[in-house]
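What follows is calculated from the coordinates using simple rules that are stated; it is not laboratory data. Keep in mind it's a predicted model, so treat the numbers as computed, not measured. Counting neighbours? That spans all protein chains shown, and the Cβs are built from the backbone with ideal geometry, glycine included.
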Amino acid sequence: MVVNNLISMRLRVVKALLSFAIAGALIAAPAALQGPYDVVIRGGRVLDGMGNPWILADVAIRDGRFVRIGRVEGTASLEIDAKGRYVSPGWIDMMDQSGAVLPKNGLAENKLRMGVTSAIGGEGGTPVPAERVAEYFAGLEKNGISINFGSYFSETQPRNAVIGNTSREPTAEELLKMQGVLEIAMRAGAMGMTTALIYPPSSFAKTEELVEMAKVAGRYGGIYATHMRDEGKDLIASITEAITIGERGGLPVEIFHLKAAWQPGWGTLMAEAGRTIEAARARGVDVAADLYVYMAGGTGLEATIPTWAQEGGRGELIKRLKDPEIRARLKKEIVTGVPGWSNLVEAAGGWDHVVLANARNDANAKFTGKTLAAIATELGKDPADAAFDLVAEGSGRVMAIYHMMSEPDVETALRFPWTSIGSDAGAAATEGGGDPTGLTHPRAYGNFPRVIARYVRERGVLTLEQAIRKMTSWPATRMRLTGRGAIREGLWADVVIFDYDAIQDRATYDEPRLSPTGIDYVLVNGVVVIDHDKHTGARPGKVLYGQGRSIGTTGTQGTLGTTGTRPFLSQIIAR
């Protein structure tokens, strides 16, 4: 009887305690479940970014983060009616060219108008040397940027700093110095190491050099990202080299703007590229790629000139172009090819598929938009001579559009599960202005909406969920962007709200600066930056730092050892 009484008493105590606990929980409910919120997006079709089908839900944001998804009671400073609209995580540009523009103009209007909330730059490196990378990032944070931005550091930057623009291998001592320069950049927050092996002086670096440099980036959690040596006839060999550098360097590989830029290989080369990458992934190599969804690439017109003639820089190239014998040799090599040189004239199928985009010369501006074949006819010259003269007469880098890809190959690349989307274009310095590289290409204004408009809605290459994943959670996972890429409680609130039926890229080769339609709102870190095609002036963007910054700050594992036992490479160099 006594035992029963004790049990009964204990049960009453437990019940009372549970009642108090439940009541306390109800009284002090988690703040995330209560208003007021900063923003509530009401009644939209929410795509989480992970590839799942949409759900009908409200999305509440506070202090820059998602705090509740589902039925949201309570008030908000800003309520957005998203009925009939899709609500997506912000889109991530995996190959951006905004690094030099953002310190001058951080608004990034053309990027944001096409839904890009985060951008990864640095194909050509940072616009400052390694010892100023930390200062560069701090300046972006101080002055304010409207998008989130991170950057790689180019292997060419330490190469030029140590041995200059020269076609030779570094000595062991020079290589050590180059590694030290890269280490400084990695510790300052660079996301990894890039190469642009189609262009000199990057093209002068051999595989062994790149492997040794990649080891430094890899030890700081970096990625090796590359514009490969060739994207045409020698595409598979170039992919194999990139995989080798990542595999031996001990770091992931990102192939920039994957393409099969060689007319004889259309329909077969891209599939073979996919098999090559998938075979590497099957054996454990972390390799993936990004692409833009246009059939023409764009770069300098000097890319039509074999790279050996460009050693020493632009001044030396112009001197060589004045020599008739060298001109004759160059013209012959454009026809026959040169081992190790990516021949874009051949890739495009001839001069009638190469279009002048920016002459950088008032007298030659009249030729803009014309093919090199047509320009040559008008001038009464051989097309190669016309190209050489345009390059020599430009006050800066003369730019061209190269029509060298096929749409079926672009569609094949889109279907690979490991591809993401990159524009290879930068933020415009002025509203409605051109790309900072001087190239006028529609990808700068239309690339991301085009993925949905053309390849989801019109052609059915991807489902909407697949397309959104390629622009959100997959690149965020790929770049180790903790807290981004999905709509989930606790993550940073980067958002694109769009009308599926109305979203449309409008930029063309003839009118490349037309903004898309169908994007209602863009939010960066919980702040509205685009409201129906109007930039609000807000600058809530953050710098996206690479993992090496935490290693450099905390003094954990260094390149050649730990800070507690052996000095960093950069400290060795400084002695």
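Full extension of the segment from Asn361 to Ile236, taken as 0.36 nm per residue of separation minus the current Cα-Cα distance, would add 41.2 nm. Each of the peptides 187-199, 310-322 was scored by the mean count of other Cβ atoms within 10 Å over its residues; in descending order, highest first, they stand as 187-199, 310-322.
Our estimate of slack between Val335 and Ser550, defined as 0.36 nm per intervening residue step minus the Cα-Cα distance, is 72.3 nm. Return one number: the angle in degrees, 0 to 90 and rounded to the nearest 10, between the long axis of the Cα atoms of helix 207-219 and the longest principal axis of the Cα atoms of the chain. Between helix and principal axis, roughly 20 degrees.
Counting alpha carbon pairs within less than 8 Å and at least 6 residues apart, what relative contact order, in whole percent, applies to segment 300-403?
33
Separation of segment 133-203 and segment 239-263, taken as the distance between their Cα centroids, equals 19 angstrom.
Note on Tyr509 and Glu73: with the Förster distance fixed at 45 Å, the Cβ-Cβ geometry gives a FRET efficiency of about 0.35.
DSSP bridge analysis restricted to the chain gives an antiparallel fraction near 55%, rounded to the nearest 5.
Taking a straight Cα-Cα cut-off under 30 Å and skipping sequence neighbours fewer than 8 places away in the same chain, the lysines within cross-link reach of Lys215 are Lys177, Lys206, Lys233, Lys259, Lys470, Lys542.
A Förster distance of 41 Å, applied to the separation of the beta-carbon atoms of Lys370 and Glu278, puts the FRET efficiency at 0.50. What the Kirkwood sum gives for segment 58-215 is a hydrodynamic radius of 18.1 Å, with every pair of different alpha carbons counted. Under the simplified labelling scheme, the Glu393-Met295 pair shows an inter-label distance of 3.1 nm, with each label point 7 Å from Cα along Cα→Cβ. For Asp81, project a label point 7 Å along Cα to C-beta. Then give me every residue of segment 38-52 with its amide nitrogen under 16 Å of that point. Under cut-off, by backbone N: 40-45. Taken along its principal axes, the alpha carbon cloud of segment 300-403 reaches lengths of 33, 28, 22 Å, longest axis first. Here segment 492-509 and segment 302-336 have alpha carbon centers that stand 43 Å from each other. Between the Cα long axis of helix 324-336 and the first principal axis of the chain there is an angle of about 60°, rounded to the nearest 10. From Cα pairs below 8 angstrom and at least 6 apart in sequence, can you work out the relative contact order of the chain, rounded to a whole percent? Relative CO of the chain lands at 21 percent.
When you filter the trypsin sites (Lys or Arg not before Pro) in segment 341-394 for DSSP loop state and at most 15 other Cβ atoms inside 10 Å of their Cβ, you are left with Lys370, Lys381. With the radius of gyration and the Kirkwood radius both derived from the Cα set of segment 227-275, what is their ratio Rg to Rh? On the Cα set of segment 227-275, Rg over Rh gives 0.99.
Packing order of peptides 242-248, 70-76, 477-483, 487-493, highest average first: 242-248, 487-493, 477-483, 70-76 (average count of other Cβ atoms within 10 Å over each peptide's residues). Packing-based ranking of 423-434, 326-337 yields 423-434, 326-337, ordered from highest to lowest mean Cβ neighbour count within 10 Å. Computed from the alpha carbon positions, the gyration tensor of the chain leads to an equivalent ellipsoid with semi-axes of 47, 29, 21 Å, biggest first. Segment Arg480..Asp531, full-extension length gain: 15.5 nm, with 0.36 nm per residue of separation and the alpha-carbon distance subtracted. Label separation (Val285 vs Ala138): 4.0 nm, computed from points 7 Å beyond Cα along the C-beta direction. Computed from Cα atoms, the angle from the helix 172-187 axis to the main principal axis of the chain rounds to 40 degrees.
Working from label points 7 Å from Cα in the Cα-to-Cβ sense, the Ala429 to Ala502 distance is 3.4 nm. By the helix-only formula, in which each DSSP H run with n ≥ 4 contributes -39500 (n - 2.57) and the sum is divided by residues, the chain has a 222 nm mean residue ellipticity of -10500 deg cm²/dmol.
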